[in-house]
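To keep things clear, I will list the structure first and then write my remarks on it.
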Amino acid sequence: MRALPFDDPGTADHRSPGRFLWWLARGQWHTLALGMFFGVIWMSSQAVLPALIGRAIDRGVADRDSSALLMWTGLLFVVGLVQAASGIVRHRFAVTNWLTTAYRTVQLVTRQSVRLGGSLPRQVSTGEVVAIGTSDLSHLGQVMDVSARFAGAVVSFVLVAVILLQTSTTLGLVVLLGVPTLVLLIGPLLAPLQRRSTHQRHLMGELSNTATDIVSGLRVLRGIGGEQVFHARYARQSQATRRAGVQVARLQSLLDALQVLLPGVFVVVVVWLGARYAVAGRISPGELVAFYGYAAFLMIPLRTATEYANKLIRGLVSARRVCRVLALEPESGPPAQAAPSPPPGSDLVDERSGLRVPAGRLVAVVSEQPDESAALADRIGLCDADHDAGVRLGGVPLVALSREEVRRRVVVSHTGSVLFSGRLGERLDVSGHGDVERALLTASAQDVLDALPERLDTLVAERGRSFSGGQRQRLVLARALALDPEVLVLVEPTSAVDAHTEARIAQRLRPHRAGRTTVVTSSSPLVLAAVDEVAFLVDGRVVATGTHAALLERSADYRRVVTREVAPAEVGR
């Protein structure tokens, strides 16, 4: 298949939902074509059944010809078998098309999420992304699902029209013109349905975002007694979403009712005309039965056409949401021309804060405000929206390097990082060639591994929720150590472990990272005593550097932060 712009989320024009649906169809045209082929056979088989029944009545029953009756009955049986077989295959391809569309969309959005990195939650709400993974995938898949039946509906309608025109021009024209007229009568409902569906989809995204915020901040809400406030907010938003859903359901129910009423009236008209023609001798009894069968059968193509229009509208609404995410750009784009790579073992410098980390050294950053040191870590790894050319590796600005090289050489691991679900060994060794056992030893996480019945083959639950906070933190540290990058930045890596475990990690970290550059943000004396150098950060600037012992002696502010002393100005309060 020829590569289309959507294969690269960073260069595609994602403003057209129709173009996105076309791209999805192009990417799976083999299964779509086969689904349509068997859909045409399946519905065409149904279309010729009334003609076969009419012939059996006229030439077998009316003429009292047993051999003719047997022949037409046998042919009817064969066509029935073809219809059943093609229907099974068509359904299999329909499910395949649904799943292919859903998974390709997941892959595309996931790749875009990886490309955006930390800028994704700042540009789009979590609920919006969650809604894409729930309702939007279904709507996009349903468009491809119904395509096979829609192709069969179009071909079978043409086939029936030809047969009817050959039998009776008047009745043929009634059927040929009546079915499109019924579709046109339903058409005015589709535009309002699209508007209401778009509004409901927007409210569902906001509701999902609110629910995500409540779940993630449940402990904080309980601590400040804010459950009732957020419960009331969620209740209001859910009721608004429900009302929007009711508005969509009203139009949808009217559309469904018309799909039954209008074809029913149409069948009555065709049967009435056919009965008059049969009484007048213009058509035979078998042809009358065939006309009735055609009129009843044409309800299926009509419903399929309206169903296709309905699902296409919902698919366009969902495609617009997906395109909105795919159109997002990273807050820091790649350089126009990547600078030459600095040699391995280069010094790391952050000009904004004044932090200088010699190559191969283990440096700790201490700040009274943990957010300041965390922001510095994000800036070093180009993980925030406010980075500039101030961070240099070997004199080369990180922003001048390709993002792939920066991610390969500089790794930032936050204490809030999570574990994805899957096999534990694969989640710890993300590169595929890391020393997991050594990393677990350094992270003092061997007891976690020993407690698991299948050790590294154990399946990790979503977000690692089967582990305690301390266990999860040590496993996240082991994952970062197993990568063994040139520059590793650890943000509060021991904040959730006990003192004995923290001491073991601090003692093992330096030999594990020997010859590699490591930056640790922490105010723990156990960690600070084990590093090569400490940088004291105040208001985003490094105001003092030295060993932990030296800074304790000469800096009262540093001593107060590390030992948790009360400032003199606060004693009398």
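The values are calculated or read from the model by the stated rules, or taken from the named source; none is laboratory data. The model shown is predicted, which means the values in this text are computed figures rather than measured ones. Every residue, glycine among them, receives a Cβ derived from its backbone with ideal geometry; neighbour counts consider all protein chains shown. Keep in mind that these areas ignore ligands, DNA and RNA; they rest on the heavy atoms of the full protein, side chains included. Shrake-Rupley method; radii C 1.70, N 1.55, O 1.52, S 1.80 Å.
Points to keep in mind about this one:
- Per the listing Ala478, Ala461, the residue uniquely of a type in the set (A, V, I, L, M) and either under 26 Å from Asp350 (Cβ atoms) or surrounded by 23 or more Cβ atoms within 10 Å (Cβ to Cβ) (or both) is Ala478.
- Inter-residue pairs, beta-carbon under 7 Å, first more than 17 Å from Val489 (Cα to Cα) and of a type in the set (Gly, Ala, Ser) and in region 377-394, second open to solvent by 40 Å² or more (accessible area, probe 1.4 Å) and modelled with pLDDT under 75, 6+ apart: Ala385/Arg122; Ala385/Glu331
- Meets criteria (within 27 Å of the chain's Cα centre (by Cα) and at pLDDT 70 or above) for Gln200: yes
- Residue within region 341-352 that is surrounded by 19 or more Cβ atoms within 10 Å (Cβ to Cβ) and part of a helix (DSSP H, G or I) present: no
- Of all residues in region 394-445 being modelled with pLDDT under 80, in a loop (DSSP other than H, G, I, E, B) and small (Gly, Ala, Ser), the one that is nearest to Ala338 (Cα to Cα): Ser402
- Residue satisfying all of: in region 490-529; open to solvent by less than 20 Å² (accessible area, probe 1.4 Å) and farther than 16 Å from Ala439 by Cβ; nearest to the chain's Cα centre (by Cα) among these: Val491
- Of all residue pairs spaced 6 or more apart or on separate chains, those with beta-carbon atoms under 9 Å, a first member in region 395-406 that is open to solvent by 40 Å² or more (accessible area, probe 1.4 Å) and a second member that is modelled with pLDDT of 80 or more are Gly395/Pro342; Gly395/Ser346; Gly395/Asp347; Gly395/Val349.
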